[in-house]
Number of protein chains: 4
Amino acid sequence: MIGRSHVHNTTIRFSRTDAAGVIYFAQVLDLAHEAYESMMEEAGCPLSTFLKPNSIHLPIIRSEADFRLPMRSGDRIRVELAVSHIGARSFATTSRVLLEPDRTVAAQVTLYHCCVYPDGSGATDIPDWLRSALA
Amino acid sequence: MIGRSHVHNTTIRFSRTDAAGVIYFAQVLDLAHEAYESMMEEAGCPLSTFLKPNSIHLPIIRSEADFRLPMRSGDRIRVELAVSHIGARSFATTSRVLLEPDRTVAAQVTLYHCCVYPDGSGATDIPDWLRSALA
Amino acid sequence: MIGRSHVHNTTIRFSRTDAAGVIYFAQVLDLAHEAYESMMEEAGCPLSTFLKPNSIHLPIIRSEADFRLPMRSGDRIRVELAVSHIGARSFATTSRVLLEPDRTVAAQVTLYHCCVYPDGSGATDIPDWLRSALA
Amino acid sequence: MIGRSHVHNTTIRFSRTDAAGVIYFAQVLDLAHEAYESMMEEAGCPLSTFLKPNSIHLPIIRSEADFRLPMRSGDRIRVELAVSHIGARSFATTSRVLLEPDRTVAAQVTLYHCCVYPDGSGATDIPDWLRSALA
């Protein structure tokens, strides 16, 4: 772990499940994004910061996810997120999704973000205030 | 039917289902919105028109939905949409969601939109070009 | 209010928003369902109860929703749910979705459920244990 | 390409977008799954096959996705899917998501499935009829 860590607790809601009776795979990535949003709020950089005109954007450029155990409606979940990479123009978060109360690992998700200008002109360096927030 | 009508064909995808094995109720409203988007494209007013700076917005102010039959992953669906109301500052679409090939009614959804200024200053009259498109 | 009431607090997550910058309308109905799930857990009848073989099902047969104010990514929300109808074979919940900290009403959603046999043979009376939980 | 290939055409719907004005990242993975469902239908193995009692299941055990260009509401999309791996007990599909009409690559998604018994007892060999369908 090279940066900020964060714990996000939640419950698997019915809308995240599919006809196989378990969480739909893409919803597991959404859980990891939810933990990222929660971490950014705690770090003083809520996502709304990056939705303002002229703000830098932090789009996701790559995701990797491993799905080990099914999660079901009503399951209590603990997401342990850590900033797992901070580069000049990109960073990543890795989230371990644990089933409570045993904390068995149900999934692991890594999301890679880059820092870009809002006008679409390309990547830019992560500003110091964001680097500090992620560290 | 007092305005434009439109038919939208689609297939129930797995992500729309839930652990009860059928389509999640809120996804039925999304099907109706998808038919609305398709109708607006055919009418020459794709939703992207209303996402431009200074464009009027058409937020949904009310929805009503009746759910009669379950829909399952892979079911072929025909959505028959009609503009069911055009007022000074609002309009509505009513969508009948039919199961193919029998065309039994699985659901009916009405979405009420109003026409507002983008600056949040309130409702405004539906412009003539939009009124013509809906009629 | 004729039955159980429940308060559910949450935060609007980014995935619930759309390109208009606010919560997508169908996600407001999902918020109301999330509050319903939370209420049923508190009442000792989590939704997983109704997913077991041979259990009665409680499908939604109708929804009504009024959307008054936009909700944005990061907004803190308080959902005040009440069981607003209990009939022989159906019940309804009405959820007021409030923006914190002012508690202005952003939306109101009513979901009507009926009680059915799992084999698709039709409606049945709400069993006493469920009637007590909802009251 | 070592197996079946398939083309799936669709349009980016409004509900897939987020407040940044573009498709929400997890929805890109859902587009790839939609193409997989379409391929399986064409191959004679619709997903409903695997939802029947006693059927083998094909859960996703890993996903990888690269996001290169934003997609917006109304964009026409062509998904070119190919079965990129067939092992004893697992297979993968790789989907290139192209923006029409230029067919520039907006994203690439690989989904890894394994073949398991429905009772949770673990992995099993891909049956011959499925192997033929994927080849």
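Read the figures in this text as sums done on the coordinates, not as results from a lab. This one's a predicted model, so the numbers in the text were calculated from it and none came from an experiment. Because the Cβ atoms are built from the backbone with ideal geometry, glycine has one as well, and the counts that use them run over all protein chains shown.
Below, the figures for the structure above:
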| item | result |
| --- | --- |
| Residues satisfying the stated conditions in the range D:1-32, i.e. touching a Lys or Arg at 6+ places or on another chain (Cβ under 9 Å), surrounded by 20 or more Cβ atoms within 10 Å (Cβ to Cβ) and within 18 Å of C:Gly74 (Cβ to Cβ) | D:Thr17, D:Asp18, D:Ala19, D:Tyr24 |
| Pairs, first among the acidic types (Asp, Glu) in the range D:105-134, second surrounded by fewer than 20 Cβ atoms within 10 Å (Cβ to Cβ), C-beta under 6 Å, six or more apart | D:Asp125/D:Ala88; D:Asp125/D:Arg89 |
| Where C:Met71 falls short, out of the listed (1) free of Cβ contacts under 8 Å to residues at least 40 places away in the same chain; (2) surrounded by 18 or more Cβ atoms within 10 Å (Cβ to Cβ) | (1) |
| Single condition D:Ala65 does not satisfy, out of (1) in contact with a helix residue (DSSP H, G or I) (Cβ under 6 Å, 6 or more places away or on another chain); (2) free of Cβ contacts under 8 Å to residues at least 40 places away in the same chain; (3) hydrophobic (A, V, I, L, M, F, W, C) | (2) |
| Criterion (under 23 Å from A:Ala135 (Cβ atoms), of a type outside the set (Lys, Arg) and in contact (Cβ under 8 Å) with a residue 12 or more places away in the chain) met by exactly one of A:Glu80, A:Glu41 | A:Glu80 |
| Criterion violated by C:Pro46 - all others in (1) closer than 24 Å to B:Val28 by Cα; (2) in contact with a strand residue (DSSP E or B) (Cβ under 7 Å, 6 or more places away or on another chain) satisfied | (2) |
| Matching residues, the range C:1-38, being closer than 20 Å to B:Leu29 by Cβ, charged (D, E, K, R) and in contact (Cβ under 8 Å) with a residue 12 or more places away in the chain | C:Arg13, C:Arg16, C:Asp30, C:Glu34 |
| Residue satisfying all of: in the range B:83-135; touching a strand residue (DSSP E or B) at 6+ places or on another chain (Cβ under 6 Å) and basic (Lys, Arg); farthest from B:His6 (Cα to Cα) among these | B:Arg89 |
| Residue match in the range B:62-73 (condition: farther than 18 Å from D:Arg13 by Cα and touching a Cys at 6+ places or on another chain (Cβ under 8 Å)) | no |
| Odd one out for D:Phe14 among (1) more than 14 Å from chain C (Cβ to nearest Cβ); (2) touching a Leu at 6+ places or on another chain (Cβ under 6 Å) | (1) |
